[in-house]
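Below is one structure; the comments refer to it alone.
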Amino acid sequence: MGPDFLGGAEVITIKDLTKRYPNGFEALKGVNLSVKKGEIHSIVGENGAGKTTLMNIIFGLIKPTTGSISVDDKEVNISSTGKAIEMGIGMVHQHFMIVPNLSVMENVVLGSEKDFTNFFGKIDYKSIKLKVGDLIKKLKLSLSPEDIVRDLPIGKQQLVEILKVLYKGPEIIILDEPTAVLVPTEVNDFLDFVINLKNEGKTVIFISHRLKEVFKISDSITVLRNGKTVGSYSKQDITRDEVANLMIGKKFDFNATPPKNEKEEILFSVDDLSLKGMMIKNISFNIKKGEILGVAGVEGNGQEDLFSVLTGDILPEQGSVKLADKELNKSTILEKRKAGIAYITDDRIKNGLAIDRSILENGIAYHHKDQRFGKVLINNKNSVKLVTGIVEDYDVRGVKNMKTPVSSLSGGNMQKLLVGRELNNQVKLLIASQPTSGVDIAAKALIHDSFKELTVEGNSVLLISSDLDELMSISNRIIVLYRGKIVAEFKYPDYDIKELSYYMTGLKES
Amino acid sequence: MTKGKVLVFLVVILLSVFSFAKLNVAIVAGDAIGDRGFTDMAYEGIQAAAQDFDVEYKIFECHVDPSKYFDALKAAASRYDLIFVDPGYYFDKELKEVSELYPDKTFVYIDGGSDLPNVVSVPFKQNEGAFLAGCLAALLTDKTALEFINDEYVVGFVGGADMPVIRDYEAGFKQGVKYVDPEMEIVSKFAGTHYDPAKGKETAYSVFNEGADVIFQAAGPTGLGVLEAAKDYDFYAIGVDTDQAYLQPGSIVSSMLKRVDVAVYDITKMAIDGTLEKGATYIYGVANDGISLAYNDDMQSIVPYATYVAVQDIQEKIKDGEIVVESYIE
Amino acid sequence: MFDEITTLYTTTIRMATPILLASLGGALTYYAGIVNVAMEGLMLISAFFSVVFSFMTGNAFLGILGGMAASVIFSLIYTFFVSGLKANNFAIGFALNILVSSLTIFLTRVMFVGQNVFNSPKIVAIPSLDIHTGIYFIDNYILNFSVLTYVAIFLVFLFSFIIYKTTYGLHLRVCGEKPKALVAGGIKVGYVQLIASILCGCLCGLAGSQLSLYNVRMFSRDMTGGRGFVALAVILIARGKPKYMILISFLFGFFDSLSLKLQNQAIPPQFALMLPYVMSVVVMLVFYLKDKKKLETV
Amino acid sequence: MFSNTLKKITIWVFFILIILAVWAVIIAISGENPFSAFGYILEGSLGDTGYFLSTLNKMVPIMLTALAVAIPSWAGIWNIGGEGQLLLGGFGAALIGFSINLGSSFLNILFALIVSALFGLVWALWPGYLKIKLNVDEVVTTLMGNYIASYFVLFLINYPFRDHSSPMAQTKYIDSSFQIPYMFRGSQFSYTFFIALGVVFIFYFIIRKFKFGYEIRMTGSNPDFSKMSGIKTKKIKLVSMLMGGAVAGLAGGLLVLGMNHRMMQSFSPGFGFTGLLVCLLAFNNPILIVFISFIFAMLQTGSVNLELFSNVPAEISGLLQAVMVLFVSAFKIISMRKGGK
């Protein structure tokens, strides 16, 4: 069933691969894949479909339970990443594998320093600098070998990640969701870069759930669903909608619109807000009742600081933050929550959930302050009632028992639990940062619907996101943050993706 | 029970022991074998007794763990007839409790006293021995003809853990020095622990560098470091409790002997002979040679004869009661 | 006066040497992502076997080797549990410390009947550096310490070199900070930790040998006296930075030495003896306050 | 569900057998028949009422010092300072015990115990405060704090509060109205055991059922998230540290009032560190802490009997404990890997 129009030899052939974890979870239930030399082969699927597990197996990070892998028609056992690298496989990981405290060049040569090491084990940093510098020039990247990675913006860190892999001169390059953190203009450049790699004769395995990108560059597409191969197609033989349907197994509505119940009354206003020593400078904006306000911007342009100041984690140097005329500038997060603000943080593992604690315990966080749950003791009956409600309303799947740890849920279901918990309060304003990152399409739709539902009663949402599609599909207005300032404002339906990305990348300033 | 009854009772018991079975002796040690002090000496004493008499013995080591004292003492009392409690003061409260539980057993309180009816008290006057050590040190420090003696009139003391019984050694030593020369300077320092010879050595080095050329130590295993310092830095050391001259030959002028071994041997012998009286007190001091200096070969080869004689004269004065040494412990 | 400074100075160096050696060893595993709580045990087992081997072979060098070997074995056990099995490092560390403490007394008693101190003239000590330049000051104040003291100072430089300039050092730093990056680079985390563990064993072994074959020439029960924990404190305060470790180790030695100096009637010995520990807390505070200032100015 | 539990039990029984086998080897090496040695240990710890009570009595400081590690550890902060807190707590109780009298024995004991807990609390205060204010590593501060507290208590009992009649550094006996009476003749067992057990269960209850306990658990699991949920994590951390210190101090107080009746040198043979081990073995679970304290106490009391009847040296008890800790840690990991992640 594989495409044969290229006629190239198969470089990677995978047959009946399964992966079963000791706890009984089956990540892969029989995957077949054949990648031909010199093609860009995309692997698409929802979150939890098994894409990353499959790639980690090919790269020697995880051992498969059964099945065979052949490289260049020889069956191989990729027991370690070292083996994979020897076979000419390189992988750019979804989560960064670069070390923040090292320089660009140290990161790039990590694992192949032997070439620069003398008898005493001393590393020759001069030659490394030259060689890495050459590679950077060749790839036309704007990086300096001696920069410390920690100080670079996310987009550039991603480039370091890729540089690192390319440095080893792999023949087969696995890219695991490489565009997730890039802005549209960067994405286009990046996709050109990938096509260039193919033109140089490399084989690329490209993982994404952004079908637009997939269709732009792929030669073949393999769809995974629930740990199984649904099918492999050459690009010509299939349409975007068909792939989307194969991915989720049902028809999906792409044409979302923002809520229409906007009122004129202002609910939340930020006036002349500045942070000491941080990026945010003299920001002012407001949100009307029933409105969803989107905040667009490339990561690292002040979104995190904005979120922190709105939670009360950082105190502002000057300015005011008001919710329905109540000054919240200096109040703690507890006071802000009591005033009716709920929060969805951008990293659910870091500060959205306590993943080693139970679903019940996570479900009642902040709610536990409520008298309903007793004054001193926690009322177990009410807790269970509350969390059962969240699990049912937000379709959190995989809950066997309220006492099982959250870590047993998939990413999407964790996020649904988190969103459900936050929206179960008397919310006047929801501040959500990247609420759907790493979440599958169905969960994304559910989360967006719940946002819209919130606005029906005149409540509002401040949506900080790096996903422009998301912002444009549900925001009434979008403001663009660039270097800590608001540089543009757009109103539905006058969204122009080009204009937006010009402002986001600083090509245009107000 | 009157004393008479007790005696009769004891005699009966001891006779029966003598005729039917061995004497069962237990030593309940607050510390453990290898402490180069109380435990080792009591152990030697009982070994010697076992060679001469028909004695079966067992030693219980508590490793300075107060939560073990009661159990160990009780276990010993439940199976043995004569129980040495060594040193007694570790066990004050436990001894009271256990001796009440076993009124017909005999307990021996080593190094101190108790007024319990079935306890034999064996106080040691270490301060008298330390006094002699002080005299020896003070008499030596002006004999500049000797190899390691410097020009300064300074002697030293190194203690292990800072505790009253060690302060008692220190007090006796100081009195001895002052007896010889009230103006003489004494440098006294503590390593702070009984179990760190390296620190003991540095402490001795510090005392030595403040001018002391004769240093008396009372520091358990820490003191071994002091003796080694004597060898390395060239000063004279005075050992403690047992004769430690063999450890660093040529550097140890004498040792203050605290003959716990003799006491254990004597008491065991008395128990076998049936002459041991419950509630009695047997004082070991300079008077009965329970405490003395080791007048060994090393001492005679290093210490000038006149000094040697002078120290023995002072010893006689203590024996006669002419000199009374005060104690740090009331 | 001059004598007093001499005493302070030489005692400082002798007291600091074992702590410095151990903290260098522990810092290696610290970089590799393992906080080493077992150093006390590693030093003690080495102190014991150094004495035993020196006694049996009549050779100090073989004594050191024997001590190091024993220490390496225990270091590997520690790493196996903490890194291999992901067991809690405090549990394993304290368990090993108790194990070594019991084992060494047990062995002393078996090998040298009825004793828990082992000393003998047959134990050959580690020599002092025996070079005479004829200049009194240099001979007595610079060249008059244990060979291992110079080794330790040399090792500080070697340590900096390894950590910051070599392949292994690069791997080591990455190992603690982001082990996944190491794996992605095709290097085995376990391998890097194994090497760190062996080297840590060697260095803690040297520390133990220095204690039982130079500072004193004997083994006595629990003779490390908490120096392993002091070394741990040094590492945590200095956060593994060699220049700070040498500074803090010597500071510790200095206060240890000063605590002996200060003992007289005016200050009870307990206060003098707690000085090194109080100072370590103070030094740590200074470091943290400095850090905090730095954070505020950025 | 049932078969799963059964499987777990089987695995643990198997593990226990392995530990016993290793113990047997160690005992055999030191020249004793392992079976009779186990017999002596069992007899000496459970064999009759006296032994059994002695074992229970041993549990008092172990349980509490373990709890003193567990409470802060739930909130994600390490308390290695149990030893120092215990010593100061013990001194506090003794100080009250020989210097004042409130008229009633009940009040006296209650007051002395409160003071002992306060003394322990104070010694946990500064490491806790430095941790939340400057993020100073609490492992170092509490560890160094042990040495400082230990020397400080030694100073107090050597000089200002010394009993001048004793060759040991110790205080006077506390007044009899402060002494918690023994419950049985021939045993040092007293209701201190029930107090300690009660404290463990109270904290079990607090952690499981109280809002405060919930906040402690969440803080320990993910402080960033807890802060987002409106929990004052710094306060929670500090308070949990203080509670740990108070519990360790209370352990010292109970030892003084119930057993030693005075503060003395070498008061603690390292209870703080034994407690740390027990807590880690029990994975911070109060019920398991009781259970494991019992095993540790059994080993300690049993080894007295073992020493009495055999030629096994006393160090064996340390070896056996260490082996147990190593193996249980390994088994816990293995069983977790087998049973899921």
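The values are calculated or read from the model by the stated rules, or taken from the named source; none is laboratory data. Since the structure is predicted, the reported quantities are computational estimates derived from the model, not experimental observations. Please note: Cβ atoms are built from the backbone with ideal geometry, for glycine as well, and neighbour counts cover all protein chains shown.
When residues of the range C:186-207 are filtered for being within 14 Å of another protein chain (Cβ to nearest Cβ) and more than 18 Å from C:Lys86 (Cα to Cα), how many remain?
Residues in the range C:186-207 being within 14 Å of another protein chain (Cβ to nearest Cβ) and more than 18 Å from C:Lys86 (Cα to Cα): 4 in total.
Go over the candidates A:Gly352, A:Gly312 one by one and state the one that is crowded, with 18+ Cβ neighbours inside 10 Å and more than 8 Å from chain D (Cβ to nearest Cβ).
Exactly one of A:Gly352, A:Gly312 is crowded, with 18+ Cβ neighbours inside 10 Å and more than 8 Å from chain D (Cβ to nearest Cβ), namely A:Gly312.
So that you can scan it fast, the table gives a plain yes or no per residue for (1) touching a helix residue (DSSP H, G or I) at 6+ places or on another chain (Cβ under 8 Å); (2) in a loop (DSSP other than H, G, I, E, B); (3) modelled with pLDDT of 95 or more; (4) within 14 Å of chain A (Cβ to nearest Cβ):
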residue	(1), (2), (3), (4)
D:Ser187	yes, yes, no, no
D:Leu197	yes, no, yes, no
D:Phe201	yes, no, yes, no
D:Phe212	yes, no, no, yes
D:Arg217	yes, no, no, yes
D:Gly220	yes, no, no, yes
D:Phe225	yes, no, no, yes
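Return the residues of the range D:252-284 that are among the polar types (S, T, N, Q) and more than 18 Å from D:Met324 (Cα to Cα); say none if nothing qualifies.
D:Asn260, D:Gln265, D:Ser266, D:Ser268
All but one of (1) in a helix (DSSP H, G or I); (2) under 30 Å from D:Asp224 (Cβ atoms); (3) within 14 Å of chain C (Cβ to nearest Cβ) hold for D:Phe283; which doesn't?
(1)
Need the failing condition index for D:Met298 against (1) hydrophobic (A, V, I, L, M, F, W, C); (2) within 14 Å of chain C (Cβ to nearest Cβ); (3) touching a residue at least 40 places away in the same chain (Cβ under 8 Å), just the number.
For D:Met298, the failing item is (2).
Can you give me the number of residues within the range A:64-82 that are loosely packed, with under 13 Cβ neighbours inside 10 Å and away from chain C (no Cβ under 14 Å)?
5
I'd like to verify a number: residues in the range A:225-271 that are under 30 Å from A:Thr311 (Cβ atoms), in contact with a Lys or Arg (Cβ under 6 Å, 6 or more places away or on another chain) and modelled with pLDDT of 85 or more, how many?
4
Before we move on, is A:Leu430 within 14 Å of chain D (Cβ to nearest Cβ), assigned to a helix (DSSP H, G or I) and in contact (Cβ under 8 Å) with a residue 60 or more places away in the chain?
Here the answer is no, as A:Leu430 does not meet what is asked.
Output the strands (runs of 3 or more DSSP E) that fall wholly within the range B:103-212 and possess 1 or more residues being within 13 Å of another protein chain (Cβ to nearest Cβ), among the basic types (Lys, Arg) and surrounded by 24 or more Cβ atoms within 10 Å (Cβ to Cβ), or say none.
Correct list: B:185-190.
Given the residues C:Ile73, C:Ile105, C:Ile123, which is the only one that is within 30 Å of C:Leu143 (Cβ to Cβ) and in contact (Cβ under 8 Å) with a residue 24 or more places away in the chain?
Just one listed residue meets the conditions, C:Ile123.
Which of the helices (runs of 4 or more DSSP H) found entirely inside the range A:71-157 contain at least 3 residues meeting this: closer than 30 Å to A:Thr53 by Cα and not acidic (Asp, Glu)?
So the answer is A:81-86, A:104-109.
Given A:Gly302, A:Gly363, which one is buried (at least 18 other Cβ atoms within 10 Å of the Cβ) and touching a helix residue (DSSP H, G or I) at 6+ places or on another chain (Cβ under 8 Å)?
Of the residues listed, the single one that is buried (at least 18 other Cβ atoms within 10 Å of the Cβ) and touching a helix residue (DSSP H, G or I) at 6+ places or on another chain (Cβ under 8 Å) is A:Gly363.
Search the range C:260-292 for residues being within 7 Å of chain D (Cβ to nearest Cβ) and of a type in the set (Val, Ile, Thr), and hand back the single one that is surrounded by the most Cβ atoms within 10 Å (Cβ to Cβ).
Filtering the range C:260-292 for residues that are within 7 Å of chain D (Cβ to nearest Cβ) and of a type in the set (Val, Ile, Thr), the one surrounded by the most Cβ atoms within 10 Å (Cβ to Cβ) comes out as C:Val281.
Is it the case, given these coordinates, that A:Lys350 is over 18 Å from A:Thr388 (Cα atoms), modelled with pLDDT under 90 and not in a loop (DSSP other than H, G, I, E, B)?
yes
Is it true that A:Ala488 is of a type in the set (Gly, Ala, Ser), at pLDDT 80 or above and either under 20 Å from the mean Cα position of the chain (by Cα) or in a loop (DSSP other than H, G, I, E, B) (or both)?
Spelling it out, it is not the case that A:Ala488 is of a type in the set (Gly, Ala, Ser), at pLDDT 80 or above and either under 20 Å from the mean Cα position of the chain (by Cα) or in a loop (DSSP other than H, G, I, E, B) (or both).
Residues of the range A:366-398 being within 11 Å of chain D (Cβ to nearest Cβ), free of Cβ contacts under 8 Å to residues at least 24 places away in the same chain and out of contact with any strand residue (DSSP E or B) (no Cβ under 8 Å at 6 or more places or on another chain), which ones?
Within the range A:366-398, A:His368, A:Asp370, A:Gln371, A:Phe373, A:Gly374, A:Lys375, A:Asn379, A:Asn380, A:Ser383 meet the criteria.
Tell me, yes or no, whether the range C:280-298 has at least one residue that is without any contact (Cβ under 8 Å) to a residue 60 or more places away in the chain, under 17 Å from B:Ala191 (Cα atoms) and not polar (S, T, N, Q).
no
Looking at A:Tyr492, A:Tyr503, A:Tyr482 in this structure, which one is of a type in the set (Ser, Thr, Tyr) and touching a Ser or Thr at 6+ places or on another chain (Cβ under 7 Å)?
Residue meeting the stated conditions: A:Tyr492.
Condition test on C:Ser83, is it farther than 14 Å from C:Ile126 by Cβ, more than 9 Å from chain D (Cβ to nearest Cβ) and over 20 Å from the mean Cα position of the chain (by Cα)?
Considered against the rule, which asks whether it is farther than 14 Å from C:Ile126 by Cβ, more than 9 Å from chain D (Cβ to nearest Cβ) and over 20 Å from the mean Cα position of the chain (by Cα), C:Ser83 comes out as yes.
Would you mind stating whether C:Val72 is in a helix (DSSP H, G or I) and not polar (S, T, N, Q)?
yes
Looking only at the range C:30-53, filter to residues that are modelled with pLDDT of 95 or more and of a type in the set (S, T, N, Q); which one of those is farthest from C:Phe161 (Cα to Cα)?
C:Ser50
I'd like to know if the range C:156-165 contains one or more residues that are more than 20 Å from B:Lys231 (Cα to Cα) and away from chain A (no Cβ under 14 Å).
The answer is yes; a qualifying residue exists.
Just the residues that are buried (at least 17 other Cβ atoms within 10 Å of the Cβ) and part of a loop (DSSP other than H, G, I, E, B), please, taken from the range A:197-237.
Within the range A:197-237, A:Lys202, A:Ser208, A:His209, A:Ser218, A:Asp219, A:Gly227 qualify.
Table: residues versus (1) within 14 Å of chain D (Cβ to nearest Cβ); (2) surrounded by fewer than 24 Cβ atoms within 10 Å (Cβ to Cβ); (3) polar (S, T, N, Q); (4) more than 30 Å from B:Gln248 (Cβ to Cβ).
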site	(1), (2), (3), (4)
C:Ser212	no, no, yes, no
C:Phe219	no, no, no, no
C:Ile248	yes, no, no, yes
C:Phe254	no, yes, no, no
C:Leu258	no, yes, no, no
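Tell me, please, whether a residue that is crowded, with 18+ Cβ neighbours inside 10 Å, within 11 Å of chain C (Cβ to nearest Cβ), over 25 Å from the mean Cα position of the chain (by Cα) and within 26 Å of C:Ile162 (Cα to Cα) can be found in the range A:144-159.
no
Quick check, is A:Pro100 surrounded by fewer than 24 Cβ atoms within 10 Å (Cβ to Cβ), in contact with a helix residue (DSSP H, G or I) (Cβ under 6 Å, 6 or more places away or on another chain) and at pLDDT below 85?
Yes, satisfied.
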